[in-house]
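A.B. asks: Can you keep this structure in mind? I'll have questions shortly.
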Amino acid sequence: MADGVYRDRIIQLFSRKGSLMLRPMICMILMTVVSHALAQSDQQPRSLDGSNGRDLLLRLYRPQSMLKVPRHVLKQAKFPVVDVHTHFRRFNGRPDRVDEFVGQMDQHNVAVCTSLDGYVGDQLEEHRKLLWTKHRDRFVIFARVPWRGDGSRDDPATWDCHRPDFGHRVTLALTDAKRQGASGLKISKALGLYLRNPDGSLIKIDDPRWDPIWKACGDLGMPVLIHISDPAAFFHPVDARNERWNELRSHPSWSFHGDDFPDREELLAARNRVIRRHPTTTFIGAHVANDPENLGRVAEWFAEFPNFHAEIGARISDLGRQPYTARRWMIENADRILFGTDGPMSPAQLSIHWRFLETLDEYFPYGNSAFPSQGYWNIYGLGLPDDVLRKIYHENAARIIPGVAERLERFKNRK
């Protein structure tokens with residue numbers, strides 16, 4: 001109980017009629033009791049430290065593995081890498097940070113990064129200037145759909161996507177973006193989870209109004225990297241059984257459980273209906289098609305949709321805890337999987353990616369923090385064959401993303 005509540009109750013007690021002589025004595029006794037209770041309350045968390053068999057707060061748990069197994073620290077990837085999932089808008093106004101990151105790319109054998117933050121119009125020009133003024137050979141850029149335009153964030157009725165001919169106007173904007181060198185289109189999870197119609201309902205992923213956009217991407221040869229839905233645990237109650245409880249506790253807005261949000265299965269089904277309707281457009285499912293918990297189903301989608309691929313950005317935590325299934329899935333579907341990080345990543349985090357894909361190391365952290373954010377588990381290396389590594393690291397990206405092949409070739413030839 002908080003200090004204020006105790007004080008309020010004491011004031012109420014002594015505001016009543018009673019013996020004036022007894023009040024000071026009773027007050028002294030009660031304040032002593034309250035002080036003792038508060039002191040005990042303050043000390044309680046410190047006693048839950050697990051020492052000597054005491055109970056332990058989950059946030060204090062720091063297990064240290066006793067395993068003695070081979071450990072490989074890889075300073076760079078075995079083959080040149082194309083990272084198809086990065087975000088460099090955070091470097092706006094800081095070309096020096098771009099320079100620094102390109103140096104890190106060199107150290108780790110990363111040939112090309114795909115920045116998904118291009119947008120269209122003036123924002124695309126700004127991003128081109130940031131990345132291409134000095135390092136055009138190292139970056140390709142994806143545009144984005146300006147759903148809101150100049151509308152008010154809190155008033156969907158003012159958003160550009162609800163005005164007539166929006167699809168046609170985006171088609172023209174994408175044509176211009178292609179002329180300026182954009183290689184593809186990025187769709188974020190806002191479509192399906194945040195963007196709303198004027199009546200307050202969520203905009204449907206497979207709304208026919210957007211068909212001209214998907215068709216234009218096919219006509220222009222611009223692949224669509226599409227992030228639909230989120231981890232399965234984000235759609236379950238945030239309780240003791242949720243495997244990503246700590247992440248959701250830190251980011252409450254990432255929880256999509258409840259009646260305010262659509263069912264996760266419906267989101268994925270709506271995305272697949274778009275892919276089915278547009279067989280000449282190439283789609284790349286972000287984050288292992290946002291179903292890394294069910295790789296068998298992702299393989300079924302590959303079989304059904306020849307125009308569908310997936311990248312592994314920010315999901316080595318899920319892949320690495322199922323190493324037998326993940327290794328088999330990657331080998332059997334090597335032509336459809338691309339490398340991604342959701343970076344830019346630190347050098348230490350990049351090294352974990354190489355270790356995961358190239359070695360058979362066992363039971364190692366997938367992040368650098370004491371408790372990696374996505375779940376309380378460690379991962380195992382896949383030890384992929386060289387031919388599979390080449391496809392995932394760069395060959396698939398060079399085949400389906402415009403602008404990558406020539407950049408990759410120049411990177412190889414400069415060594």
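The values are calculated or read from the model by the stated rules, or taken from the named source; none is laboratory data. Keep in mind it's a predicted model, so treat the numbers as computed, not measured. Backbone-built Cβ (ideal geometry, glycine too); neighbour counts: all protein chains shown.
A.B. asks: Kindly provide the set of residues from the stretch 132-155 that are of a type outside the set (V, I, T), in contact with a Phe, Trp or Tyr (Cβ under 9 Å, 6 or more places away or on another chain), under 27 Å from L389 (Cα atoms) and crowded, with 22+ Cβ neighbours inside 10 Å, ordered by number.
C.D. replies: F139
A.B. asks: Something else: Please go through (1) assigned to a loop (DSSP other than H, G, I, E, B); (2) out of contact with any Gly (no Cβ under 8 Å at 6 or more places or on another chain) for Q123 and return the number of the only condition it doesn't satisfy.
C.D. replies: That leaves (1) as the condition not met.
A.B. asks: I've got another one for you. Output the residue which, of all residues in the stretch 53-85 that are touching a Phe, Trp or Tyr at 6+ places or on another chain (Cβ under 8 Å) and polar (S, T, N, Q), is nearest to E247 (Cα to Cα).
C.D. replies: S65
A.B. asks: Among the candidates L319, L408, L382, single out the residue that is part of a loop (DSSP other than H, G, I, E, B) and surrounded by 20 or more Cβ atoms within 10 Å (Cβ to Cβ).
C.D. replies: That would be L382, the only listed residue that is part of a loop (DSSP other than H, G, I, E, B) and surrounded by 20 or more Cβ atoms within 10 Å (Cβ to Cβ).
A.B. asks: List every residue pair whose Cβ atoms lie under 6 Å apart, where the two residues are 6 or more positions apart in sequence or sit on different chains, the first residue falls within the stretch 306-335 and is modelled with pLDDT under 95, and the second residue, located anywhere, is surrounded by fewer than 18 Cβ atoms within 10 Å (Cβ to Cβ) and not hydroxyl-bearing (S, T, Y).
C.D. replies: Hits for this filter: zero, empty list.
A.B. asks: Where residues in the stretch 69-86 are in a loop (DSSP other than H, G, I, E, B) and not aliphatic (A, V, I, L, M), which of them is surrounded by the fewest Cβ atoms within 10 Å (Cβ to Cβ)?
C.D. replies: Here is the first cut: in the stretch 69-86, the ones in a loop (DSSP other than H, G, I, E, B) are 69-80.
Next cut, not aliphatic (A, V, I, L, M) only: 70-72, 75-76, 78-80.
Values: P70: 9, R71: 11, H72: 13, K75: 11, Q76: 17, K78: 15, F79: 17, P80: 20.
Ranking the candidates gives P70 first.
A.B. asks: Failed condition for D260, given (1) touching a residue at least 40 places away in the same chain (Cβ under 8 Å); (2) more than 24 Å from Y119 (Cα to Cα), with all others met?
C.D. replies: (1)
A.B. asks: From the set of residues in the stretch 206-235 that are part of a loop (DSSP other than H, G, I, E, B) and touching an Asp or Glu at 6+ places or on another chain (Cβ under 9 Å), which is nearest to R399 (Cα to Cα)? Steps first, answer last, please.
C.D. replies: Applying the first criterion (part of a loop (DSSP other than H, G, I, E, B)) to the stretch 206-235 yields 206-207, 221-223, 227-231.
Next, from what is left, pick out any that are touching an Asp or Glu at 6+ places or on another chain (Cβ under 9 Å): 229, 231.
On the way: S229: 27, P231: 28 Å.
The selected residue is S229.
A.B. asks: Hey, another quick one. Would you tally the residues in the stretch 129-170 being out of contact with any helix residue (DSSP H, G or I) (no Cβ under 8 Å at 6 or more places or on another chain) and acidic (D, E)?
C.D. replies: 3
A.B. asks: Separate question: Counting only residues that are touching a Pro at 6+ places or on another chain (Cβ under 9 Å), more than 23 Å from R297 (Cβ to Cβ) and surrounded by 16 or more Cβ atoms within 10 Å (Cβ to Cβ), how many does the stretch 221-246 have?
C.D. replies: 2
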